[in-house]
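Below is one structure, written out as structure tokens; the observations come after it.
The values are calculated or read from the model by the stated rules, or taken from the named source; none is laboratory data. Small disclaimer: the values here were computed from a predicted structure and weren't measured. Note that we place each Cβ from the backbone using ideal geometry, even for glycine, and neighbour counts take in every protein chain shown. We work out accessible area using only protein heavy atoms, side chains counted, and drop any ligands, DNA or RNA first. Shrake-Rupley method; radii C 1.70, N 1.55, O 1.52, S 1.80 Å.
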Amino acid sequence: MNNNNKISIIIPAYNEVSTIGDLVSKIVSLYHDFEIIVVNDGSTDDTGIIAKNAGAKVHNHPYNIGNGAAVKSGIRHASGDILVFMDGDSQHDPEDIGKMLEYFPEYDMVVGARSIKGQSSIGRALGNKIYNWLASYVAMFPIKDLTSGFRAVKSDLARQLVNLLPNTYSYPSTLTLGALRSGRSLTYIPINIQKRKMGKSKINLSKDGVRFFMIIIRICTLYSPLRVFFPVSFIMFVLGLSYYGYTYFTYGRFTNMSALLFTTSVLIFMMGLISDQICQMRFEKNAEEK
């Protein structure tokens with residue numbers, strides 16, 4: 001890493017009064033030259049006060065907007081050349097920050113990949129495995145941990161993508177796919193996840209699982225529409241062909257259902273082409289504005 005690079009650490013926090021002080025203090029002791037920004041996302045406790053007393057710059061949201069919104073505020077307020085994102089619940093080990101920074105400037109983004117043991121539950125681990133597979137298919141790149149919130153990224157890339165980031169917990173997925181879609185480099189390093197000292201995860205598997213899956217699908221169609229539209233179109237075409245074969249050999253005729261399936265296949269494919277063109281124009285416009 002170039003020693004002239006300024007590092008900013010961005011920590012979104014919501015009611016993390018029991019952990020934020022120790023976390024900031026440890027970061028200060030390890031990296032005293034780094035800028036530490038805690039975005040207090042409308043906490044109802046003293047999270048902001050404790051973070052400030054521990055040595056962090058604190059930006060307060062007037063109410064709880066969302067984890068992704070807090071990250072976006074951190075990006076806009078950070079002055080560093082490299083931005084490090086980590087959670088405020090002390091599950092991420094600050095000592096891993098130094099390991100990430102060793103990969104700059106060769107890479108544009110470095111992500112901390114959790115092992116199966118690092119997942120909070122078997123269900124979460126299985127869900128993340130499915131998301132990783134889906135994102136790897138769309139991005140044509142082996143994604144090891146799509147939803148990891150512990151990552152370091154060059155500030156120009158983060159600012160290029162900031163307007164595309166959602167206000168929810170899915171911002172890591174958007175960052176990852178946005179970086180790969182923009183032709184930027186990314187690598188993963190293994191990290192150790194600490195158990196939460198107090199409280200519990202704010203993500204509920206049964207409540208948020210389907211919603212998060214839909215977010216992943218939406219992100220995939222946002223960045224590589226044809227990778228989603230083409231398989232659906234192909235499946236509809238195969239169904240139409242199969243049903244036509246069945247009705248031809250059984251009744252000796254071509255049915256309306258086969259016609260509907262073939263027509264649907266063509267329409268979905270054409271929608272994919274249009275979506276892909278819109279996606280390309282959006283990225284070209286975004287690049288010109290930067």
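For region 71-124, taking the residues that are within 19 Å of the chain's Cα centre (by Cα) and polar (S, T, N, Q), the one that is modelled with the highest pLDDT is identified as Ser73.
Once region 28-57 is narrowed to residues that are over 18 Å from Gly149 (Cβ atoms) and among the polar types (S, T, N, Q), the residue that is least open to solvent (accessible area, probe 1.4 Å) is Ser29. Against the condition at pLDDT 95 or above and assigned to a strand (DSSP E or B), how does Asn40 come out, does it pass? So Asn40 passes the test.
Mind telling me which of the residues Asn60, Asn64, Asn53 ends up being touching a residue at least 24 places away in the same chain (Cβ under 8 Å) and not in a loop (DSSP other than H, G, I, E, B)?
Numbers: Asn60 fails: touching a residue at least 24 places away in the same chain (Cβ under 8 Å); Asn64 fails: not in a loop (DSSP other than H, G, I, E, B).
Exactly one of Asn60, Asn64, Asn53 is touching a residue at least 24 places away in the same chain (Cβ under 8 Å) and not in a loop (DSSP other than H, G, I, E, B), namely Asn53.
With the condition kept exactly as written, say whether any residue in region 194-211 is farther than 30 Å from Ile20 by Cβ, modelled with pLDDT under 80, surrounded by fewer than 13 Cβ atoms within 10 Å (Cβ to Cβ) and not small (Gly, Ala, Ser). Steps first, answer last, please.
We begin by selecting, within region 194-211, every residue farther than 30 Å from Ile20 by Cβ; these are 210.
Then drop every residue that is not modelled with pLDDT under 80, which leaves 210.
Checking the rest, the ones that are also surrounded by fewer than 13 Cβ atoms within 10 Å (Cβ to Cβ) come to 210.
Checking which are not small (Gly, Ala, Ser) leaves us with 210.
Checking region 194-211: at least one residue is farther than 30 Å from Ile20 by Cβ, modelled with pLDDT under 80, surrounded by fewer than 13 Cβ atoms within 10 Å (Cβ to Cβ) and not small (Gly, Ala, Ser).
Against the test of being of a type in the set (Val, Ile, Thr) and surrounded by 20 or more Cβ atoms within 10 Å (Cβ to Cβ), the options Thr187, Thr174 yield a single qualifying residue, Thr174.
Being part of a helix (DSSP H, G or I), of a type in the set (Ser, Thr, Tyr) and at pLDDT 95 or above, is that true of even one residue in region 4-18? Quick ask: steps written out before the conclusion?
To start, the set of residues in region 4-18 that are part of a helix (DSSP H, G or I) comprises none.
No, there is no match, as no residue in region 4-18 is part of a helix (DSSP H, G or I), of a type in the set (Ser, Thr, Tyr) and at pLDDT 95 or above.
Ser25 passes every criterion in (1) of a type in the set (Gly, Ala, Ser); (2) more than 27 Å from Tyr107 (Cα to Cα); (3) open to solvent by less than 50 Å² (accessible area, probe 1.4 Å); (4) at pLDDT 95 or above apart from (3).
Is there a residue being among the charged types (D, E, K, R) and modelled with pLDDT under 90 anywhere in region 180-187? Steps first, please.
Step one: list which residues in region 180-187 are among the charged types (D, E, K, R), which gives 181, 184.
Okay, now just the ones that are also modelled with pLDDT under 90, so 181.
Within region 180-187, one or more residues are among the charged types (D, E, K, R) and modelled with pLDDT under 90.
Note on region 225-264: residues that are without any contact (Cβ under 8 Å) to a residue 40 or more places away in the chain and either basic (Lys, Arg) or open to solvent by less than 50 Å² (accessible area, probe 1.4 Å) (or both) amount to 13.
Conditions tested, residue by residue: (1) basic (Lys, Arg); (2) at pLDDT below 90.
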site	(1), (2)
Tyr244	no, no
Phe254	no, no
Met257	no, no
Phe262	no, no
Phe269	no, no
Ile274	no, no
Ile278	no, yes
Ala287	no, yes
Lys290	yes, yes
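Only a single item in (1) open to solvent by 10 Å² or more (accessible area, probe 1.4 Å); (2) modelled with pLDDT under 95; (3) farther than 15 Å from Ala152 by Cα; (4) out of contact with any strand residue (DSSP E or B) (no Cβ under 6 Å at 6 or more places or on another chain) is not met by Gly68, and it is number (1). Per the listing Asp145, Asp108, the residue uniquely open to solvent by less than 10 Å² (accessible area, probe 1.4 Å), over 25 Å from Asn64 (Cα atoms) and not aliphatic (A, V, I, L, M) is Asp145. Go through the residues of region 120-128 one by one and say whether even a single one is surrounded by 22 or more Cβ atoms within 10 Å (Cβ to Cβ), in a loop (DSSP other than H, G, I, E, B) and out of contact with any Leu (no Cβ under 8 Å at 6 or more places or on another chain). For region 120-128, residues surrounded by 22 or more Cβ atoms within 10 Å (Cβ to Cβ), in a loop (DSSP other than H, G, I, E, B) and out of contact with any Leu (no Cβ under 8 Å at 6 or more places or on another chain): absent.
For Ala135, the requirement of being in contact with a strand residue (DSSP E or B) (Cβ under 6 Å, 6 or more places away or on another chain) and not in a loop (DSSP other than H, G, I, E, B) is not met.
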